[in-house]
Amino acid sequence: MAKILIVGCGAIGSELAGVLSAQGHDVTGLKRKPPLSASGPIHYVVADISSDADLADLDTDFTQAFFIVSPDERNEQSYRAVYETGLNNLLARLPKTHWLMVSSTSVYGQSAGEWIDEDSAAEPANITSRLIRQAEQKLMDSNPANIVVRFSGIYGPGREYLLRLALQASAIQQTPPYFTNRIHQQDCVGVLSFLLEQRLEGRALAQCYLASDDDPAPTWEVMTWLSDRLHCPPPTVKAVDADAVMNKRCSNTRLKALGYRFDYPSYKDGYMELIAARDG
């Protein structure tokens, strides 16, 4: 049994807490506003990580900590509050704890539809992605045992942006293909619990893993498939966007070589389930 801290208990963090608690681990969730009716084996700590004072009474003997944060807003100030000030406060409070940070494939700036992996250049243009990248580097430099996991576009119950887009018969670039990469929310939790299990078993791990399903696909293909299943008009053709950013295909080879198998290997697996739930 490990003593585990989960910083940021949103949808993924809360589900992960439940999974790890069911496995027998001692789980603490750190959240600014814990559930009012929180009960059961998960202990919640009320804290704002951007406030050093809020962390003064936090235990320091955690075996493993997960950093799964979401800024309040998509602006520089909000990102600095969690990825800079907040992370620095946590590392200062828990210098000996092994960390696993949830990051994003937005740290890649590639835009020509090329394949990328953990060794590809991660040089994003926008400030929010640069702050995430700086946080990654800070975490990895602070301890060689720390791990960064870069998730691609997360979807699942409550995260149905592409379904809504399909229903609007939106204009989509057809050629050259503009790729989209996804991971189902259930696989996000699966990847994190899997990596913890590998670590506790003593397996040597890399410092960075890219977590995306087996099927990066052109957005046109995905939206056409969705519109057919939703019985709505297909997308219309959009002119080529010469300023398109972050057009890439994400490789999950390193993660799968470690032994992880996706519950939802393709967008078709996950969205068929979401469409069935919507129609039911």
Condition met for Ile147 (under 21 Å from Val69 (Cβ atoms), open to solvent by less than 10 Å² (accessible area, probe 1.4 Å) and not polar (S, T, N, Q)): yes
Only listed residue being under 20 Å from the mean Cα position of the chain (by Cα) and over 24 Å from Ala17 (Cα atoms), chosen from Asp187, Asp215: Asp215
Kindly list the number of the only condition in (1) over 13 Å from the mean Cα position of the chain (by Cα); (2) surrounded by 17 or more Cβ atoms within 10 Å (Cβ to Cβ) that fails for Leu167. (2)
Take Ser152 and decide whether it is closer than 16 Å to Gly270 by Cα and either crowded, with 18+ Cβ neighbours inside 10 Å or under 17 Å from the mean Cα position of the chain (by Cα) (or both). yes
Would you pick out the residues in the range 49-83 that are touching a helix residue (DSSP H, G or I) at 6+ places or on another chain (Cβ under 7 Å), buried (at least 16 other Cβ atoms within 10 Å of the Cβ) and charged (D, E, K, R)? Arg80
Which residue, of Val245, Val240, is of a type outside the set (Asp, Glu) and either more than 21 Å from the chain's Cα centre (by Cα) or within 19 Å of Glu160 (Cβ to Cβ) (or both)? Val240
Number of positions in the range 175-193 that are surrounded by fewer than 19 Cβ atoms within 10 Å (Cβ to Cβ) and at pLDDT below 95: 3
Given (1) in a helix (DSSP H, G or I); (2) charged (D, E, K, R); (3) in contact with a Leu (Cβ under 9 Å, 6 or more places away or on another chain); (4) modelled with pLDDT of 95 or more, identify the lone condition not met by Asp228. (3)
When Ile275 is evaluated against the numbered criteria (1) touching a helix residue (DSSP H, G or I) at 6+ places or on another chain (Cβ under 6 Å); (2) open to solvent by 30 Å² or more (accessible area, probe 1.4 Å), which criterion, by number, is the only one it fails? (2)
Can you report the number of residues in the range 178-203 which are part of a helix (DSSP H, G or I), touching a residue at least 12 places away in the same chain (Cβ under 8 Å) and not β-branched (Val, Ile, Thr)? 13
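Among Met272, Met223, Met246, which is aliphatic (A, V, I, L, M) and at positive phi?
Met246
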Hits in the range 116-131 (condition: open to solvent by less than 30 Å² (accessible area, probe 1.4 Å), out of contact with any strand residue (DSSP E or B) (no Cβ under 6 Å at 6 or more places or on another chain) and among the aliphatic types (A, V, I, L, M)): Ala122, Leu131
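The values are calculated or read from the model by the stated rules, or taken from the named source; none is laboratory data. Everything numeric in this text was worked out from a predicted model, so none of it was measured. We place every Cβ from the backbone using ideal geometry, glycine too, and count neighbours over all the protein chains shown. Areas reflect the complete protein model, heavy atoms only, side chains present, ligands, DNA and RNA absent. Shrake-Rupley method; radii C 1.70, N 1.55, O 1.52, S 1.80 Å.
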